Amino acid sequence: MVNFPAERLRRLFYFVSPNETSFEKLEDVPKYVDEAGKPLPRFNDGFSSVANGILSLMHGLLFRSIELSTYVWFYERFNLIQLPWNNPWTWILGMVGVDFCYYWVHRLGHEVNIIWAAHQTHHSSEDYNLTTALRQSCILKYISWMFYLPMALCVPPSIFLVHAQFSLLYQFWIHTETIKSIGPLEWILNTPSHHRAHHGRNRQYIDKNYGGTLIIFDRLFGTFEAEKEEVVYGLVHPLDSWGPIHSQICHLQYMMKTFMESQGIKNKLSVIFKGPGWTPGKPRLGMKEDIPMVSAPMPKFEGPMLPTWMNVYIWVHFGLLIVGYDVLAHRDQSMNAFSVVCYILYIIYCLEVFGALFDARMMASYMELFRCLCFIIVCKARSPSIGVSLTFTSIVYWIYIGSAILWGYLTFNQYTTKIKKVL
């Protein structure tokens, strides 16, 4: 097993010595290609992760960052200590402060049911790769901002913003199975190994390793667990749909149902504020014995097996949607609020349609035909001459024309087949 990423990186560029790569016997030769990386993300799981990431960014098209806005407001009114923004100690305090606050918002995101209802989206993938890092909640930002306010008593907003961004960037690359260990730094930093354990539904990994950049707070507060047994990723009760909206709200729906069925105000409040594993008569966080025992390898949710052309089709249109989102993100300041809201609703609808196609839902073909027709009608209404010249927009327009013809044919076949069965 390769422990250090530097060794694996050297192999990619042939930076190896004859001494370390010469072997007497054939069976002694390592599987360098296998060790270089892991399989590519599954089409459906990769889509679900990126789609949830896009959903989590939607609010940014209408509002400023709630974390930054509230932090600045609080700093301007309640700041007690004026720390110099250009002092290295202020910078270090900002880094440790952001990570300390992140530890607690992350920990409570697992220990308080209403916050878990938002955070569970990030844990819903049964894979673990860089796309998993993008699978974020569109609700959690409206809760997490309050945990950073104590920093505003002394840390300037500019320093807070620097470290809030660096913390987010750092946590992207640790979503990988390729890097096994980074040696002694495992004692200080949150690493791919520590975060793999955090994403596990193995009983010993539940509610462990909450750190963002550092792992020292987990060691201090007794929530650290080293990666030993192979990790089984995902939720204790895995999802059965690729729809991103379902990923976002499924636990909230379950919690509301449990709230309505619970007897007495005490039990109802406990459903909201105690752990997701709590039930009446049990400890605040529930019983570890209630968590199903799992061990790798475990079967993953796959959903219907789609033909290759369908996977390619969805990802082509998904790619076009991402381009459209990027254009919207750069132009939303010059657009009126009504137009921005309409575009946001269309993007959300598109993401749900793609999820429906991956799920092979009964109405998916009708939903996709409607989606394509909406795009064509709006484009033609905004620009009657679209499709005449050879531009990127015209090419996209003709792709949608072809797609509408395809789905018109498929929905007609589906409808006539259904009628024949009835007759």
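Scanning the stretch 70-86 for residues that are free of Cβ contacts under 8 Å to residues at least 40 places away in the same chain and in a helix (DSSP H, G or I) turns up W73, E76, R77. Going by the conditions given, is I399 surrounded by 15 or more Cβ atoms within 10 Å (Cβ to Cβ) and at pLDDT below 90? Criteria not met by I399. Note on the stretch 211-223: residues that are open to solvent by less than 50 Å² (accessible area, probe 1.4 Å) and either part of a loop (DSSP other than H, G, I, E, B) or touching a strand residue (DSSP E or B) at 6+ places or on another chain (Cβ under 8 Å) (or both) total 6. For the stretch 283-308, the set of residues classified as farther than 19 Å from D240 by Cα and either open to solvent by less than 50 Å² (accessible area, probe 1.4 Å) or touching a Gly at 6+ places or on another chain (Cβ under 9 Å) (or both) consists of P283, R284, L285, G286, M287, K288, D290, A296, listed by residue number.
Flag: I159 matches the condition of being surrounded by 17 or more Cβ atoms within 10 Å (Cβ to Cβ) and of a type in the set (A, V, I, L, M). Could you identify the single residue in E352, E368 that is part of a helix (DSSP H, G or I), open to solvent by 20 Å² or more (accessible area, probe 1.4 Å) and among the charged types (D, E, K, R)? Only one candidate passes the filter, namely E352.
For every residue, the table says whether it meets (1) modelled with pLDDT of 95 or more; (2) more than 23 Å from the chain's Cα centre (by Cα); (3) more than 24 Å from D45 (Cβ to Cβ).
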site: H175; (1), (2), (3): yes, no, no
site: K180; (1), (2), (3): no, no, no
site: P184; (1), (2), (3): no, yes, yes
site: G211; (1), (2), (3): yes, no, yes
site: T223; (1), (2), (3): yes, no, yes
site: F259; (1), (2), (3): yes, yes, yes
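Picking from residues in the stretch 356-385 that are without any contact (Cβ under 8 Å) to a residue 40 or more places away in the chain and of a type in the set (F, W, Y), the one that is farthest from Y415 (Cα to Cα) is F375. Looking across I322, I344, I377, one residue alone is open to solvent by 50 Å² or more (accessible area, probe 1.4 Å) and under 20 Å from the mean Cα position of the chain (by Cα). It is I322.
Quick grid of which residues meet (1) crowded, with 20+ Cβ neighbours inside 10 Å; (2) within 25 Å of I206 (Cβ to Cβ):
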position	(1), (2)
G46	yes, no
L61	no, no
R77	no, no
H110	yes, yes
I115	yes, yes
Q120	yes, yes
E126	yes, yes
T131	yes, yes
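Close Cβ contacts (under 8 Å, 6 or more residues apart or on different chains) running from residues in the stretch 187-210 that are open to solvent by 20 Å² or more (accessible area, probe 1.4 Å) to residues that are acidic (D, E) comprise Q204/E225; Q204/E229; D207/E111; K208/D218; K208/E225. Residues that are surrounded by 11 or more Cβ atoms within 10 Å (Cβ to Cβ) and in contact with a Leu (Cβ under 9 Å, 6 or more places away or on another chain) occur at least once in the stretch 267-274. Just to check your reading of the model, which residue among Q165, Q120 is among the polar types (S, T, N, Q), out of contact with any helix residue (DSSP H, G or I) (no Cβ under 9 Å at 6 or more places or on another chain) and either within 30 Å of L239 (Cα to Cα) or free of Cβ contacts under 8 Å to residues at least 60 places away in the same chain (or both)? Selected residue: Q165, the only one of Q165, Q120 that is among the polar types (S, T, N, Q), out of contact with any helix residue (DSSP H, G or I) (no Cβ under 9 Å at 6 or more places or on another chain) and either within 30 Å of L239 (Cα to Cα) or free of Cβ contacts under 8 Å to residues at least 60 places away in the same chain (or both). In this structure, is W315 open to solvent by 70 Å² or more (accessible area, probe 1.4 Å), touching a residue at least 24 places away in the same chain (Cβ under 8 Å) and closer than 13 Å to F43 by Cβ? Taking the combined requirement at face value, the residue satisfies it.
When the stretch 304-338 is filtered for residues that are at pLDDT 90 or above and outside any helix (DSSP H, G or I), the ones remaining, listed by number, are P304, M305, L306, P307.
The values are calculated or read from the model by the stated rules, or taken from the named source; none is laboratory data. Keep in mind that what you see is a predicted model, and the values were worked out from it rather than measured. In this analysis, Cβ positions are derived from the backbone assuming ideal geometry, glycine residues included, and neighbour counts consider all displayed protein chains. Only protein heavy atoms, including side chains, enter the accessible area calculation; ligands, DNA and RNA are left aside. Shrake-Rupley method; radii C 1.70, N 1.55, O 1.52, S 1.80 Å.
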